[in-house]
Amino acid sequence: MNRTRKPWLPFLSKAVLLSASVVGAILWFEANYVLGKDSQYVKCIPGVDWFLGDRGDREIERDGIYMVASKGLDPIYPDGTVLVKYLRGLPGDTVKIDETGVYVNGRNLGTGQLPLAHKFEIEPESLHGERVLGDDEYWLMGTAALSFDSRYWGPVSESQVIRRAYAIF
């Protein structure tokens with residue numbers, strides 16, 4: 001009986017095993033995480049271009065970064081557009097906007113100058129005021145002065161919070 005040597009067989013079996021492992025890892029990653037890119041010229045969170053969204057983590061906590069679905073922001077963003085912002089205010093928190101800044105429970109979180117107001121043909125002062133967030137209201141903000149966030153469109157509901165996000169780089 002003539003046995004021919006198959007030197008490629010160990011390589012092939014290792015390649016198949018490695019390929020299956022890579023495909024399995026990719027499928028696991030896609031089932032648990034989503035990768036997002038902030039392609040805006042002016043970043044809402046300066047210095048961060050990429051975010052990792054955890055599909056299984058919707059636990060809401062102050063100062064976390066979250067992916068949220070826009071609602072009622074036409075014509076700027078169609079409903080469902082995913083935005084990434086810091087969650088700064090929780091139900092029961094007091095939010096105040098005036099010319100000196102944006103305050104949540106007295107903590108200054110940003111500028112009150114509201115440079116984007118004129119793009120929407122409104123006066124910045126019309127956005128000034130104070131309110132207590134309701135049972136299903138969350139205040140979202142970026143750190144950039146030009147961040148289009150709750151300063152302009154108000155709080156979001158918990159149903160709009162898609163998942164927790166983490167800045168990658």
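Brief remarks on what is shown
- Within region 137-159, the set of residues being surrounded by fewer than 19 Cβ atoms within 10 Å (Cβ to Cβ) and polar (S, T, N, Q) comprises THR143, SER157, SER159.
- Considering residues of region 57-68 that are in a loop (DSSP other than H, G, I, E, B) and touching a residue at least 40 places away in the same chain (Cβ under 8 Å) only, the residue farthest from THR111 (Cα to Cα): ASP57
- Taking each residue of region 157-168 that is in contact (Cβ under 8 Å) with a residue 24 or more places away in the chain and looking for partners that are open to solvent by 30 Å² or more (accessible area, probe 1.4 Å) and aromatic (Phe, Trp, Tyr) with beta-carbon atoms closer than 7 Å, six or more apart or interchain, yields ILE168/TRP50.
- Condition met for VAL132 (farther than 28 Å from PHE169 by Cβ, of a type in the set (A, V, I, L, M, F, W, C), open to solvent by 50 Å² or more (accessible area, probe 1.4 Å) and in contact (Cβ under 8 Å) with a residue 12 or more places away in the chain): yes
- From the list LEU140, LEU109, the one residue that fits, being touching a residue at least 60 places away in the same chain (Cβ under 8 Å), in a strand (DSSP E or B) and in contact with a strand residue (DSSP E or B) (Cβ under 6 Å, 6 or more places away or on another chain), is LEU140.
- Criterion: part of a loop (DSSP other than H, G, I, E, B) and either touching a Gly at 6+ places or on another chain (Cβ under 6 Å) or modelled with pLDDT of 90 or more (or both) - qualifying residue of LYS71, LYS6, LYS96: LYS71
- Checklist (1) within 20 Å of GLY134 (Cα to Cα); (2) exposed (fewer than 14 other Cβ atoms within 10 Å of the Cβ); (3) in contact with a Ser or Thr (Cβ under 6 Å, 6 or more places away or on another chain) applied to SER70, failing item: (2)
- Residue among TYR77, TYR86 that is assigned to a strand (DSSP E or B), within 16 Å of SER147 (Cα to Cα) and touching a Leu at 6+ places or on another chain (Cβ under 9 Å): TYR86
- Extreme residue, farthest from ASP63 (Cα to Cα), among residues of region 99-114 that are open to solvent by 30 Å² or more (accessible area, probe 1.4 Å) and at pLDDT 90 or above: GLU99
- Test for ILE60: is it closer than 18 Å to GLY142 by Cβ and surrounded by fewer than 18 Cβ atoms within 10 Å (Cβ to Cβ): yes
- No other residue among LEU52, LEU27, LEU18 is assigned to a strand (DSSP E or B) and surrounded by 10 or more Cβ atoms within 10 Å (Cβ to Cβ) apart from LEU52.
- Selection within region 30-49 - part of a loop (DSSP other than H, G, I, E, B) and not polar (S, T, N, Q): ASP38, TYR41, VAL42, LYS43, CYS44, ILE45, PRO46, GLY47, VAL48, ASP49
The values are calculated or read from the model by the stated rules, or taken from the named source; none is laboratory data. Keep in mind that what you see is a predicted model, and the values were worked out from it rather than measured. So basically every Cβ, Gly included, is an ideal-geometry build from the backbone, and we count neighbours across all protein chains shown. Side chains included, ligands, DNA and RNA excluded: accessible areas come from the protein's heavy atoms. Shrake-Rupley method; radii C 1.70, N 1.55, O 1.52, S 1.80 Å.
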